[in-house]
Amino acid sequence: MTGAISRSDAGKAVDQLLAGLPEGQAQAAPNIDTSFEPRTVLLHLPDAEKTTLGLLGQLPPTAEGGDLTDLLALSFFGRSGSGPLFDAVRTELRASYGFQAGFTNYDRATRIMFIAGEVETEKLAEAADLVRTTYEAFRAAPDLTGLDDLRRGMAEGTERNVLYVDVAARTMLELALDDRSPGDAPRLGELLESVTAQDVQERLASVFPSGDDLIVVAASPDASALPGACVITKFEQVVQCP
């Protein structure tokens, strides 16, 4: 069903849709033991057409707050055309087909920061070092010139996006799962607009992992493209890497 609908009619439609569902039993959350000890791993894929590089680190759970500041920090770092990441890998090294930085929830307690993209195979090792040093320079002493424009644009985009029912519903669910008020969903643009450059700088220094603490992973057709890496051929073999 598409088009305008009243709140009352929408509620009746949802009740009718869900009326026949079984109640089921509550599922206990699995006890997941995660490790973010720094290591370097290369997944050897002989038939791969391109090489992919990723750097991973851990951030505090979203339930602790600060995630909007993290989003702004990583968006500024990885913004296309003028961000530190783009300047280093695409402009300086000319090795990248496209890079991005962001974060995602693995579960409610584990949030992963990532920097990832495709690189030229023969420049993999150089790109891995450059991304790490570029990230650490940004984390330790960021030049946040232009942050205001980015923040304003992101805030305006957030305000528009949260008007969509699917975006609003997912946002409210994420807030509820973190024991935060779902009523904050319509205000996320406003909350994002209130983040300052000092907030970003302090957050980078206090909770973001250092460059030396990042996990480096790559998938490449060349098993020797990343010297010193633990080379595996299947994902499950990663537990054997030191």
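Every number here is computed from the coordinates shown, using simple stated rules; none is lab data. This one's a predicted model, so the numbers in the text were calculated from it and none came from an experiment. No Cβ is skipped: glycine too gets one built from the backbone with ideal geometry, and neighbour counts run over all protein chains shown.
General remarks:
- Looking across the stretch 104-113, just one residue is of a type in the set (A, V, I, L, M, F, W, C) and either surrounded by 18 or more Cβ atoms within 10 Å (Cβ to Cβ) or in contact with a Cys (Cβ under 7 Å, 6 or more places away or on another chain) (or both), and that is MET113.
Residues are listed down the side, and each one gets a yes or a no for (1) within 29 Å of LEU55 (Cβ to Cβ); (2) without any contact (Cβ under 8 Å) to a residue 60 or more places away in the chain; (3) loosely packed, with under 15 Cβ neighbours inside 10 Å; (4) in contact with a His (Cβ under 7 Å, 6 or more places away or on another chain):
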| position | (1), (2), (3), (4) |
| --- | --- |
| GLY153 | yes, yes, yes, no |
| THR158 | yes, yes, no, no |
| VAL165 | no, yes, yes, no |
| ASP178 | yes, no, no, no |
| PRO182 | no, yes, no, no |
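- Looking across the stretch 1-59, the residues that are more than 17 Å from VAL231 (Cα to Cα), of a type in the set (A, V, I, L, M) and in contact (Cβ under 8 Å) with a residue 24 or more places away in the chain come down to ALA29, ILE32, LEU56, LEU59.
- Search result, residues across the stretch 80-129 that are of a type in the set (S, T, N, Q) and either out of contact with any Gly (no Cβ under 6 Å at 6 or more places or on another chain) or part of a loop (DSSP other than H, G, I, E, B) (or both): SER80, SER82, THR91, THR104, ASN105, THR110, THR121
- Note on the stretch 42-65: among residues that are within 12 Å of the chain's Cα centre (by Cα) and aliphatic (A, V, I, L, M), the one that is farthest from GLY78 (Cα to Cα) is LEU59.
- Qualifying positions in the stretch 20-54 - surrounded by 13 or more Cβ atoms within 10 Å (Cβ to Cβ), closer than 18 Å to ASN105 by Cβ and of a type outside the set (Gly, Ala, Ser): PHE36
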